[in-house]
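Here's the structure we're looking at; comments come further down.
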């Protein structure tokens, strides 16, 4: 079990860095095309939106609607009122914790 | 690093603190999943990508093989490669600096940097370095704290930490949703990720949305 964990720790770290460094080393000429630039700006929007969704309403491989959704609602309200980033995150945490602990 | 413009510094610091604090949850989760304090801290130091770290401890901790843990974590880590592609022409660094830049290329450093666009190239660079180093410092300190205090902390849900992470991601994507195409893509991506979660291995519902971004980009370019 411990060997599995060490392999996991080292393997994940090596590949994580390789992926990051590869991204930084792609020749710039590949990026000059307007379409590539456009897609590169859209990809983070897609991935971050997917992360919001997956981390709000799923647990492992199932869809779970729970206290986190209340937190996300608070974050949306805070963002709609142009609140700063810490307020958005704290508001979500406090709301979610309140629902989890008291409802 | 040259003089730091204060709005950029404020953005970077607030992101670093709030996101870094979630390292408590990672440290606690890693130890709860049977990883040692040393292994937990090494993941935060060397992998330094929250989603990938949670993936590998989750998969191996629930009995998965090392290979499936690494594969899931790496699928989640590919987006950092995409961020690198975005950041390289902004940072324009070589050699050792590029190695350091690559290591701190994550959601938050890229997100803050891109959000500084209206303040100019220098602010974008400062946003990247400040947020990258800031998150790195706080993430690792809080990982250690979480790993050591795992038993005392108890349930991360009781502290609202499980809702803080999606809220942080939402806070990062929100300012990017300018055109109706951006908003449509965000909704499509979220819907795809939720709909495919019961069927696809962990990580794919997120990575798969990169393909949607490509399709939307191709269609809207006409």
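Just so it is clear, none of the values below were taken in a lab; they were calculated from the coordinates. Just so it is clear, the structure is predicted and the values come from calculations on it, not from any experiment. No Cβ is skipped: glycine too gets one built from the backbone with ideal geometry, and neighbour counts run over all protein chains shown.
Here is how the numbers come out for the structure above:
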| read-out | value |
| --- | --- |
| Fewest-first sequence of B:159, B:139, A:6 by Cβ atoms within 10 Å of each Cβ | A:6, B:159, B:139 |
| Residue among B:169, B:54, B:199 with the largest mean-square fluctuation in a Gaussian network model of chain B, springs linking Cα atoms under 10 Å | B:199 |
| Residue-averaged beta-carbon neighbours from other chains (10 angstrom radius) around B:186-195 | 6 |
| Over chain A, relative contact order from alpha-carbon pairs under 8 Å, at least 6 apart, % | 17 |
| Top of A:16, A:50, A:83 by mean-square fluctuation, Gaussian network on chain A, Cα under 10 Å | A:16 |
| Neighbour-count ranking [beta-carbon atoms within 10 angstrom, fewest first] of B:117, B:108, B:126 | B:117, B:126, B:108 |
| Rounded, prolate or oblate (a/c below 1.5 giving rounded, otherwise prolate when a/b exceeds b/c) for chain B by Cα gyration tensor | oblate |
| Neighbour-count ranking [beta-carbon atoms within 10 angstrom, fewest first] of B:124, A:5, B:87 | B:124, A:5, B:87 |
| Chain A: angle of helix A:34-57 to the longest principal axis, Cα-based, in degrees nearest 10 | 40 |
| Computed [θ] at 222 nm, helices only, for chain A once each DSSP H run of length n ≥ 4 contributes -39500 (n - 2.57) | -26500 deg cm²/dmol |
| Overall form of the protein assembly as shown per C-alpha gyration tensor (a/c, 1.5; a/b vs b/c) | rounded |
| Residue mean of other protein chain beta carbons inside 10 Å, B:44-51 | 4 |
| Structure-based [θ]222 nm, chain B - -39500 (n - 2.57) summed over DSSP H runs of at least 4, per residue, nearest 500 | -24000 deg cm²/dmol |
| Estimated FRET transfer efficiency when R0 is 22 angstrom, pair residue A:22-residue B:118 (beta carbons, to 0.05) | 0.15 |
| Spatial separation of Cα centroids for segment B:1-61 and segment B:66-95, in angstrom | 16 |
| Shape category assigned to chain A from the gyration tensor of Cα positions, a/c cut at 1.5 | oblate |
